[in-house]
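Note sheet for the following structure.
The values are calculated or read from the model by the stated rules, or taken from the named source; none is laboratory data. Owing to the predicted nature of the structure, the values given are computational and were not obtained by experimental measurement. No Cβ is skipped: glycine too gets one built from the backbone with ideal geometry, and neighbour counts run over all protein chains shown. Protein only, heavy atoms only, side chains kept; ligands, DNA and RNA dropped before computing areas. Shrake-Rupley method; radii C 1.70, N 1.55, O 1.52, S 1.80 Å.
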Amino acid sequence: MPSTTWKQYIDSNVSSLYVQPLYPKQGEMVDVSIQVDAGTTIKQVRLVSFQLGREMQIPLKRVQEGLRVLYRGNFKMVDSSAHWYFFLITDERAYSYSKAGVKASVPPLSECFHLVSNLVPVEWVGSALCYQVFPDRFRKGDEAVGATEGQYNFDGGKVSVHGFDEIPLTFEEGRCLDFFNGDLKGIEDAIDHFKRLGVTVLYLNPIGMSRTTHRYDCTDFFHIDEKLGGDRAFAHLCEALHREGIRVIVDISINHTGSEHPWYTKALADPSSKEASFYYINDDGSVAFWQGVETLPQLNYNSQELRDLIYRSPDSVMRSFLRQPFLQDGWRLDVASEVGRRGEDQMCEEIWKEVRKAVKSENSQAYLVGEDWVDSTPFLQGDMWDAAMNYFGSSRPMRSWMGEKDRYMADDWGHNPGTTRAFTGVEFAEALESHLHSMPQQMLSMQMNLINSHDTPRLYEHQEIFDFSLYAGIVKLLYVLPGMPNIYYGEEIALPGPYGSVESSRYPMQWDEEQWNKEFYSLYTYLGQFRSAHADTLAHGAWKVLYRDEYTLCFVRYTNHEAIFCILGKHAHTQTITLDNRVLQITHFEGCDVERTTVQPDRIEVSMKKRDSLLLVGCREAKCNK
């Protein structure tokens, strides 16, 4: 039987490495290539494309680039999207190559490579590093602003004020009125801290007028909470951040208002008012609430005037903050998959398509990232969100690798998950690959990846499973996955916050550096520098799970010039792993830990320590960066 080892040398995907341009306009020519073995038995390669309901076969031309042999050709993007695979013709028979690899059969469309036309990427996201701030708990900068003790009553509680040396009250005690009075000036005062971490984007939890500390109960969408410093402080913060090359995105919930919003008050007082049409009115005259939370009445987007106020009009909330004096860089969309849904009303996709059109008319580079905890593929086709807050593709599988029970298998909204058998390297790889293949590959660089957030317990506080070596590995992976890593404030210093409630994930930031965990801080500062140094590969490089076994995962990002290896291991003892080098054709490694590698034309050997993780930079040519 003829040798089939050539199959292991084949490589192509939807990335700038093999597809140019990666974001074509309809009617534009698209260059596509595939890498094969230099000594292959392949006689001919054809690209088989599907557009406008028809198949077209295109013979490709063989070219040599350095050590690599490619077949290259092009097609015209005549449809709104295109699918394709490759025919590899040998003396024995023809094989197909698609996302599923080399097969003797013809792949279905679901396994074909896929490209969307007229998709405009938010270009700055792929190389960015994001830092999430929960404003009330971050830093006090202006003594003249903030809540005052006993200032008002709300939802069965009364405002209390606390120092940064205290911890949050339980919900039953504080009713989300336990203010620490972090403010916008305090965030501005922390710019040097952000820069040391390599941060290029701030994500702020809600800052609009509201009653609670979390501020999802908006009472005025058009103005910034005076307890944070108001509109003027936000304009000043945006100007200061932009001056330092840091963008800012802000959390908003257009799904509901707070129960003290004037619209809601008017709706209750006058059922015939236009404001009453902004909400869902039950048969008994009461108003419908989001998830039954009586401080969060749900908005009703059957009202065209509401749509104009929130996002369609030039003076709408979502458009006005993108202009002077703020020039805000985007929005994080709270409970995004639930907006516009109640009973027979299922307007969610319609609303987000309209939001995208409105926001992008102001700034094509404004970022829209939706909160969603499950597979967000329907929203990530290039016509609604730019990204999901990627619990599904990063936080959840990473926590499973550590041995934490998935939040959807736990009670109490997932705030106190137990332990379970941890993912093997094979299972971890499957979780990553299935997610990364699920959406158009053009969308990957825009995803917001994370481990911790204001809605999750801090993973490093899970005492039953925490191991710094393993945790450091998933943080390294976070920084190299396609998309933008998001650090939740304080995780860079191991800010405390025990499991058990959402309040515990919102401890006040500590600014006494003597209290910082220096091992954590060194890890995050190093990774910020590493990400900056390899920005092009991490923004535009292809991705591949190069190796997996029960105890190991090797995830690679690569361009024509360099490859970044992120290797995670759970070995109980020192171990040498062997990686295939026939596709990447690494000539040598540069930088840290090169002494732990041995490079041969067909393989790479890496020495792994006990419960180890490595970031390695491999060169595909004489020099990594050209």
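Odds and ends about this structure:
- The residue list V78, V102, V125 contains one member that is out of contact with any Lys or Arg (no Cβ under 8 Å at 6 or more places or on another chain), open to solvent by 20 Å² or more (accessible area, probe 1.4 Å) and β-branched (V, I, T), which is V78.
- For region 302-358, taking the residues that are assigned to a loop (DSSP other than H, G, I, E, B) and either in contact with a Gly (Cβ under 6 Å, 6 or more places away or on another chain) or hydroxyl-bearing (S, T, Y) (or both), the one that is surrounded by the most Cβ atoms within 10 Å (Cβ to Cβ) is identified as S316.
- For the residues F86, F134, the requirement of being of a type in the set (F, W, Y) and either outside the structural domain of V502 (by the TED database) or farther than 30 Å from E503 by Cβ (or both) singles out F86.
- Qualifying residue in region 234-241 (condition: at pLDDT 95 or above, closer than 26 Å to W290 by Cα, among the charged types (D, E, K, R) and open to solvent by 40 Å² or more (accessible area, probe 1.4 Å)): no
- Residue within region 57-75 that is open to solvent by 20 Å² or more (accessible area, probe 1.4 Å) and closer than 25 Å to S438 by Cβ present: no
- Qualifying residues in region 186-200 (those that are within 23 Å of the chain's Cα centre (by Cα) and over 16 Å from F134 (Cβ atoms)) - the one most open to solvent (accessible area, probe 1.4 Å): R196
- Flag if L495 is among the aliphatic types (A, V, I, L, M) and in contact (Cβ under 8 Å) with a residue 60 or more places away in the chain: no
- Cross-chain or 6+ apart pairs with Cβ under 7 Å, region 254-276 first and under 9 Å from C218 (Cα atoms) and among the β-branched types (V, I, T), then at pLDDT 95 or above and surrounded by 13 or more Cβ atoms within 10 Å (Cβ to Cβ): T257/C218; T257/W263; T257/Y264; T257/P297; T257/L299
- In region 242-262, the residues that are farther than 16 Å from T295 by Cβ, of a type in the set (D, E) and open to solvent by 10 Å² or more (accessible area, probe 1.4 Å): E244
- Scanning region 393-433 for residues that are under 18 Å from K476 (Cα atoms) and among the hydrophobic types (A, V, I, L, M, F, W, C) turns up M398, W401, M402, F423, F428, A429, A431, L432.
- Selection of first residues in region 502-523 that are under 18 Å from F194 (Cα atoms) and of second residues that are open to solvent by 20 Å² or more (accessible area, probe 1.4 Å) and not aliphatic (A, V, I, L, M), restricted to Cβ pairs under 7 Å at least 6 apart or on distinct chains, gives the following pairs, ordered by first then second residue: P508/F164; M509/R139; W511/R139; E519/F468.
- Among the residues making up region 5-52, those that are among the aliphatic types (A, V, I, L, M), within 33 Å of the chain's Cα centre (by Cα), part of a strand (DSSP E or B) and crowded, with 18+ Cβ neighbours inside 10 Å are V19, V30, V32, I34, V36, L47, V48.
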